[in-house]
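The values are calculated or read from the model by the stated rules, or taken from the named source; none is laboratory data. Since this is a predicted model, take the numbers as computed values, not measurements. Note that we place each Cβ from the backbone using ideal geometry, even for glycine, and neighbour counts take in every protein chain shown. Calculation scope for accessible area: heavy atoms of the full protein, side chains included, ligands and nucleic acids excluded. Shrake-Rupley method; radii C 1.70, N 1.55, O 1.52, S 1.80 Å.
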Amino acid sequence: MTKPNILVTRAIFPEVLEQLSQHFTVESNQEDVIMSADEMARRLQGKSGAFMTGTERVDAALLAQCPQLKLCANMSVGYNNFDVAAMTAAGVLGTNAPDVLTETTADFGFALLLATARRVSESEHFLRAGKWTRWSYDLFAGAEVHGTTLGIVGMGRIGQAIAKRAALGFGMRVIYHNRSRLDAATETSFNAHYVSKEELLRTADHVMLVLPYSASSHHTIGAAELALMKPTAILINLARGGIVDDTALAAALRDKRIAAAGLDVFEGEPKVNPALLTVPNVVLTPHIASATIGTRRAMAALAVDNLIGFLLHGKAVTPLNPEALKRTGV
Ligand code: DGY
């Protein structure tokens, strides 16, 4: 039987390529060239599947040029790179990689919150620059994390894993806002209280964003929302660029309208709003919340399972738009 052709759009663990090669004829991009839309369409010719990382745009224009494409498998839980409606209309299935990164990403939420509250990056730069001459009572004195109120916007799997850490590990009061309220037993398990977005912003000591990006979550936090927050508050964005208006945030940080921010994701990344680079009270990391070797391997493995499951056996593990199959009769 001829093996289906697939494209691996970005560099990936060599053993993932080896595994894929046992089942598919693989064109890979181990040199990790960032492809233009035209290049992507060219390299997808004759391919029935694509292993993607969540950074490659799949839209109607691309799909129109790739009639043989059946599956785009993201090795990420986020899938805002997919125009899901266009994929469904074209009969192309999308899959993502949920669950396997939940705990690792929640850990990183605390890494960013602690680093920001306790001024870890700022103080390390000070030390490395040879500026540390003596201990003093207020040297890089920061904000408390334990015992404070954490406001979580977006209470999916990652939000809940953060809430657990907050309540059980840091003795925090947890308030949250989400499209839908959790059931009472889940709320009780980490003593979380559902509040409006406005109340959350007004009362939380620290705000963590873990909601998915969509047109409706664009600029969930802008100048008006930042103005509601306490001047001592810290904002953490683990979710996606575009959920925060980075220009408004940089101004709020510069003017000390909020105390600090920890950001793993940015509008238009990998570009970073230059204004954010000039303020000291922000910790910036390059979209690494899920980046442990074990978790990245698990995310890749799930994308592989989706490719094998769907292209060889007709059943994906984590389909996003199963209704696409009605159009193709798969
Ligand atoms: C995800 O899985 O969505 C992470 O942001 C990594 O891309």
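Overview of results
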read-out	value
Matching residues in region 258-273 - criterion: being out of contact with any helix residue (DSSP H, G or I) (no Cβ under 8 Å at 6 or more places or on another chain) and either within 15 Å of the ligand (Cβ to nearest atom) or under 21 Å from Asp107 (Cβ atoms) (or both)	Val265, Glu269, Pro270
Checklist (1) farther than 30 Å from Ala50 by Cβ; (2) open to solvent by less than 60 Å² (accessible area, probe 1.4 Å); (3) of a type in the set (A, V, I, L, M) applied to Leu284, failing item	(2)
Filter result (open to solvent by less than 80 Å² (accessible area, probe 1.4 Å) and either touching a residue at least 40 places away in the same chain (Cβ under 8 Å) or aromatic (Phe, Trp, Tyr) (or both)) within region 120-143	Val120, Ser121, Glu122, Phe126, Phe140, Ala143
Region 274-303, subset more than 10 Å from the ligand (Cβ to nearest atom), out of contact with any strand residue (DSSP E or B) (no Cβ under 6 Å at 6 or more places or on another chain) and among the small types (Gly, Ala, Ser), residue farthest from Asn237 (Cα to Cα)	Ala301
Within region 288-321, tally of residues that are outside any helix (DSSP H, G or I), in contact with a Ser or Thr (Cβ under 9 Å, 6 or more places away or on another chain) and open to solvent by 60 Å² or more (accessible area, probe 1.4 Å)	2
Counted residues, region 150-166 - those being open to solvent by 20 Å² or more (accessible area, probe 1.4 Å) and not charged (D, E, K, R)	3
Within region 59-98, tally of residues that are under 23 Å from Ala301 (Cβ atoms), away from the ligand (no atom under 15 Å from the Cβ) and either among the hydrophobic types (A, V, I, L, M, F, W, C) or not assigned by TED's automatic domain parsing to the domain that holds Gln30 (or both)	5
Those residues of region 45-82 which are over 14 Å from the mean Cα position of the chain (by Cα) and among the β-branched types (Val, Ile, Thr), in sequence order	Val58
